[in-house]
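Please read the structure below before turning to the comments.
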Amino acid sequence: MNKIKRITALNTLLVIMAQAFAQGPNGTGTYYQAADGKSGKELKTAMAGIIRPHNELEYNDLWEAFRSTDARADGKVWDMYSGITNYTFVSKGQQSYGSEKSGYNREHSMPKSWFDDKTPMYTDLVHLIPADGYVNGRRSNYPFGENEGERFTSEGGFSKLGQSTTNGYEGTVFEPNDEYKGDFARIYFYMATCYEDNISSWTIIEKNGNQNNIHSEEYDVFAGNTYPAYTKWTLDMLMRWAGNDPVSQKEIDRNNAVYELQGNRNPYVDYPGLEEYVWGDKQEVAFNYENSPTGITVTVPTKDISDVNVYTITGVKVRSGVNKSEATTGLGKGIYIIGNKKYVVK
């Protein structure tokens with residue numbers, strides 16, 4: 001009886017220890033714990049509940065915020081629209097931008113007119129970036145897409161504007177550089193998730209011309225619902241962009257900086273490939289905030305140890321008195337407690 005009690009107490013202790021060591025990526029701790037076990041549409045909704053509450057910044061605060069979120073290694077402005085700029089951070093913008101490299105401004109990567117300039121989207125730092133003012137102006141509020149640049153091409157062909165060549169849409173689109181397509185895709189995944197309760201009402205209609213001759217072009221970007229939120233051509237393109245341009249250290253650093261200022265995160269940066277679990281081929285796979293198989297590689301230590309016991313995350317002993325250098329050899333994928341540390345076997 002005493003032995004059973006000791007075993008039960010040990011198992012309970014191990015479970016408590018496992019919970020104490022449970023951590024998400026990038027120092028997120030238990031931030032995403034409420035989404036644990038969810039998948040597909042429900043995972044998106046659970047993530048919305050986690051990331052939607054955040055500090056709403058003032059629009060003028062963004063100039064100072066960019067110093068933390070969008071500084072290159074040399075301290076200059078990290079511009080994702082132009083490849084030739086070398087801006088020093090400023091405290092306010094200017095009235096006009098006559099050419100590329102003449103100044104930068106605050107760019108809503110998801111144009112503010114799409115959500116009728118409403119808050120908190122209007123000042124959400126996740127999708128607001130510093131960008132060359134002239135190239136930003138040429139982009140206007142056109143959707144992202146792929147094109148030949150017949151209407152505009154920035155210096156060196158870094159970004160371009162023209163008729164869409166993406167299957168499913170023929171309107172005018174703005175194409176960012178390949179280097180940042182994944183960044184913008186993950187920003188758009190964030191917007192569809194964070195503002196799940198709003199996005200179904202967003203409409204994009206561009207009006208060109210004078211009062212007597214107005215041409216209206218409706219951009220076929222939003223699906224008019226909370227899920228999938230984007231039309232097929234848009235979602236297919238964003239998924240492809242995200243896959244071709246994986247999460248970079250720049251995005252990770254920016255995500256951490258935004259969290260410090262705004263108090264929320266972009267889960268599609270913290271969990272590379274998360275979009276596949278929300279919209280893609282892995283919609284039936286349950287999310288595990290501390291061991292979600294989204295392409296994050298965990299290195300398991302195999303040296304510098306003595307004999308140890310190995311327990312599963314639920315406290316079941318699977319190995320006794322093995323050398324720690326061989327403790328994880330041959331184990332199936334999962335989380336194990338070895339000594340007083342948690343190890344993840346991929």
In the set 28, 45, 12, the lone residue that is modelled with pLDDT of 80 or more, farther than 23 Å from residue 260 by Cβ and of a type in the set (Ser, Thr, Tyr) is 45
### Query
Just to be sure, is residue 273 at pLDDT below 95, open to solvent by 10 Å² or more (accessible area, probe 1.4 Å) and in contact with a Gly (Cβ under 8 Å, 6 or more places away or on another chain)?
yes
Over region 117-136, the set of residues open to solvent by 10 Å² or more (accessible area, probe 1.4 Å) and acidic (Asp, Glu) is 117
Scanning region 118-159 residue by residue, those closer than 29 Å to residue 92 by Cβ and of a type in the set (Lys, Arg) turn out to be 118, 138, 139
Restricting region 79-116 to residues that are free of Cβ contacts under 8 Å to residues at least 24 places away in the same chain and within 24 Å of residue 179 (Cβ to Cβ), the one surrounded by the fewest Cβ atoms within 10 Å (Cβ to Cβ) turns out to be 88
message: Against the condition among the charged types (D, E, K, R), farther than 22 Å from residue 67 by Cα and surrounded by 15 or more Cβ atoms within 10 Å (Cβ to Cβ), how does residue 139 come out, does it pass?
response: yes
When every residue in region 143-160 that is farther than 17 Å from residue 97 by Cβ and in contact (Cβ under 8 Å) with a residue 60 or more places away in the chain is compared, the one most open to solvent (accessible area, probe 1.4 Å) is 156
Residues in region 148-186 that are touching a Phe, Trp or Tyr at 6+ places or on another chain (Cβ under 8 Å) and either more than 21 Å from residue 230 (Cβ to Cβ) or not aromatic (Phe, Trp, Tyr) (or both) total 19
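The values are calculated or read from the model by the stated rules, or taken from the named source; none is laboratory data. Note that the coordinates shown come from a computational prediction; the quantities given were computed from them, not determined experimentally. Cβ sites come from the backbone with ideal geometry, for glycine too, and all protein chains shown count toward neighbours. For accessibility, only protein heavy atoms count, side chains too; no ligands or nucleic acids. Shrake-Rupley method; radii C 1.70, N 1.55, O 1.52, S 1.80 Å.
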